[in-house]
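First up is the structure itself, then whatever we jot down about it.
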Amino acid sequence: GSCEYEKHKGNLYSMEENEKKELALQIIDRLKKAYPDADCTLDYDDAWKLLVSVRLAAQCTDARVNVVVEGLYKKYPDVRSLAEAEEIVRPCGLGKSKARDISACMKILWEKYGGKVPEDFDALLALPGVGRKSANLIMGDVFHKPAIVTDTHCIRLVNRMGLVDGIKEPKKVEM
């Protein structure tokens, strides 16, 4: 049968909010069927490691990050020991700024949160090197809270599907 998207694709921007919610649910259902095993492509077994990997992933592939962090975690196996990570993050590019952010972030995690990643969106945003996309990934993937990881691809697609109308700012797309 015809779904809401087919019915409205010529007139997406006139949809009411309840129609957009119905469309969103249909899209989610179709995506779950098409990609039942969709998962985060960054390897991690602890929340702080995902935080580090997400910072390293800027301007770098997830596959490359997964290789780099193997050596990183051998040398720095916990939050407390990650103070001088600069030399090992160079293979991902932007080494100095990434190392500075990771070191500062790990220091805050250690001193303020006892080495744990806070389960609060605003607390995550306050960490060095953590933006909305990273905070949403942590909230959703680690803490299983509702979150939308909004990047340029997500923004392009939700506009194309008619879930938003010409909105480009991640915070507005999330709403």
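The values are calculated or read from the model by the stated rules, or taken from the named source; none is laboratory data. Since we're looking at a predicted model, the values are computed, not measured. Every residue, glycine among them, receives a Cβ derived from its backbone with ideal geometry; neighbour counts consider all protein chains shown. We work out accessible area using only protein heavy atoms, side chains counted, and drop any ligands, DNA or RNA first. Shrake-Rupley method; radii C 1.70, N 1.55, O 1.52, S 1.80 Å.
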From the list Asp122, Asp141, Asp101, exactly one residue is assigned to a helix (DSSP H, G or I) and in contact with a helix residue (DSSP H, G or I) (Cβ under 6 Å, 6 or more places away or on another chain). Which is it?
Asp101
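Determine whether His153 is modelled with pLDDT under 90 and either outside any helix (DSSP H, G or I) or surrounded by fewer than 16 Cβ atoms within 10 Å (Cβ to Cβ) (or both). First the steps, then the outcome.
Values: modelled with pLDDT under 90: yes; either outside any helix (DSSP H, G or I) or surrounded by fewer than 16 Cβ atoms within 10 Å (Cβ to Cβ) (or both): yes.
Considered against the rule, which asks whether it is modelled with pLDDT under 90 and either outside any helix (DSSP H, G or I) or surrounded by fewer than 16 Cβ atoms within 10 Å (Cβ to Cβ) (or both), His153 comes out as yes.
Could you list, in sequence order, all residues of the range 112-146 that are among the small types (Gly, Ala, Ser), at negative phi and in contact with an Asp or Glu (Cβ under 8 Å, 6 or more places away or on another chain)? Even if it seems obvious, please write down each step before you answer.
Taking the range 112-146 first, the residues among the small types (Gly, Ala, Ser) are 114-115, 123, 126, 129, 131, 134-135, 140.
Those still in the list that are at negative phi too: 123, 126, 131, 134-135, 140.
Within the range 112-146, none qualify.
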Does at least one position in the range 99-120 carry a residue that is in contact (Cβ under 8 Å) with a residue 24 or more places away in the chain, more than 17 Å from Tyr76 (Cα to Cα), open to solvent by 50 Å² or more (accessible area, probe 1.4 Å) and of a type in the set (Lys, Arg)?
no
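For the range 50-61, which residues satisfy the criterion of being open to solvent by less than 50 Å² (accessible area, probe 1.4 Å) and either among the polar types (S, T, N, Q) or over 17 Å from Ser97 (Cβ atoms) (or both)? Give the derivation first.
First, the residues of the range 50-61 that are open to solvent by less than 50 Å² (accessible area, probe 1.4 Å): 50-58, 60.
Residues satisfying the conditions are Leu50, Ser53.
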Filter the range 156-175 down to the residues that are open to solvent by 40 Å² or more (accessible area, probe 1.4 Å), in contact with a helix residue (DSSP H, G or I) (Cβ under 7 Å, 6 or more places away or on another chain) and part of a helix (DSSP H, G or I), then identify the one that is farthest from Ala57 (Cα to Cα).
Met161
Can you pull out the residues in the range 33-51 that are part of a helix (DSSP H, G or I) and closer than 28 Å to Val117 by Cα?
Ala47, Trp48, Lys49, Leu50, Leu51
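Tell me whether the range 165-175 contains one or more residues that are acidic (Asp, Glu), touching a residue at least 24 places away in the same chain (Cβ under 8 Å) and in contact with a Ser or Thr (Cβ under 8 Å, 6 or more places away or on another chain). Steps first, please.
From the range 165-175, those acidic (Asp, Glu) are 165, 169, 174; that's our starting set.
Okay, now just the ones that are also touching a residue at least 24 places away in the same chain (Cβ under 8 Å), so 165, 174.
Filter again for in contact with a Ser or Thr (Cβ under 8 Å, 6 or more places away or on another chain), leaving 174.
Checked the range 165-175: at least one residue is acidic (Asp, Glu), touching a residue at least 24 places away in the same chain (Cβ under 8 Å) and in contact with a Ser or Thr (Cβ under 8 Å, 6 or more places away or on another chain).
Is it the case that the range 68-83 has a residue that's under 17 Å from Gly140 (Cα atoms), open to solvent by 20 Å² or more (accessible area, probe 1.4 Å) and not small (Gly, Ala, Ser)?
Step one: list which residues in the range 68-83 are under 17 Å from Gly140 (Cα atoms), which gives none.
So far as the range 68-83 goes, no, none of its residues is under 17 Å from Gly140 (Cα atoms), open to solvent by 20 Å² or more (accessible area, probe 1.4 Å) and not small (Gly, Ala, Ser).
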Identify the residue in the range 25-49 that is surrounded by 15 or more Cβ atoms within 10 Å (Cβ to Cβ) and out of contact with any helix residue (DSSP H, G or I) (no Cβ under 6 Å at 6 or more places or on another chain) and, among all such residues, is farthest from Gly129 (Cα to Cα).
Ile27
